[in-house]
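Have a look at the structure below before the remarks.
The values are calculated or read from the model by the stated rules, or taken from the named source; none is laboratory data. What you see is a predicted model, and the numbers here were worked out from it, not measured in a lab. Accessible surface areas use protein heavy atoms only, side chains included; no ligands, DNA or RNA. Shrake-Rupley method; radii C 1.70, N 1.55, O 1.52, S 1.80 Å.
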Amino acid sequence: MICHRIEPKGRGAGRGVSAASPPMAGQSPAKGRCIVTQSATATRARVAGLLAYITAPTVGIDGHGDGEEKCVHWGASGFDLATSVGDHIAEMGDRATSCRRGADPIEHIVLSWRPGEIPTPEQIDEAAAILLRETGYEVHQAVWALPADRGHMHMHVVMNRVTHDGRMKPSGWLLNNAHRAVAHIEEAQRWSRE
């Protein structure tokens, strides 16, 4: 099993920050000095696009509906009221735009199984739970989905860095923690090690 962190489309899109103003005498240069460079509209559009893409029931040749089955299993955690994909999009978009500090509040991780390894829906949910726990996102909003690509079984996990109280979780160690999660998933589910 391998793990990839997917960056937003476009080099550095949504991740950049700029200094709001130079620090005053005696003030830390980092504390409170970042402003959002991605608009709330762009954040909502990214949430909607990602969740619609990973949970789409069908995909055609042009990438839009009326084709083969795409999403065979999906799940979510950390939502207050949401029960449908549309509700998840709205609630995650609201929370993601509630924090005005930092850059892109959305993380997108892909976990890939080796050829021939086909997880059950229970194993998919367990893998998502282990990933969220090991990365410190167990109480954050997250949606995961497994497409019907039998040649390359992989699961998309979209996580909101903004907590229920409006604070942004730092993402500096996310990939290292995700790799640790992969080791725990391989151990718990007896998959081949990479």
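Here's how it looks for Arg161: its modeled amide H is under 5 Å from those of Ile106, Glu107, which are all 5 or more places away or on a different chain. Ranked by solvent-accessible area (1.4 Å probe, protein heavy atoms only, all chains present), the residues Met92, Met168 order from largest to smallest as Met168, Met92. Taking amide H positions as modeled 1.01 Å from N, with prolines and chain starts lacking one, the residues under 5 Å from Cys71 and 5 or more places away or on another chain are Thr58, Ala148. The relative contact order of segment 143-187 comes to 22 percent, based on Cα pairs under 8 Å that sit 6 or more residues apart.
Ordered by 1.4 Å accessible area with all protein chains kept, Trp144, Trp74, Trp173 run largest first as Trp173, Trp74, Trp144. Protein-only accessible surface at a 1.4 angstrom probe places the residues Arg193, Arg46 in the order Arg193, Arg46, largest first. A probe of 1.4 angstrom, applied to the heavy atoms of all protein chains, finds His4 with accessible area near 90 square angstrom. Exposure check, 1.4 Å probe, all protein chains in place: Tyr53 carries approximately 120 Å² of accessible surface. Computed from backbone phi, the HN-Hα couplings of segment 163-178 come to 7, 4, 9, x, 8, 8, 6, x, 10, x, 9, 4, 5, 4, 5, 5 Hz, rounded to whole numbers (Karplus: 6.51 cos²θ - 1.76 cosθ + 1.60, θ = phi - 60°; Gly and Pro given as x).
Across segment 75-194, the convex hull enclosing all Cα atoms gives 102 Å³ per residue. Of the whole protein surface, Arg100 contributes about 130 Å² of accessible area at a 1.4 Å probe radius.
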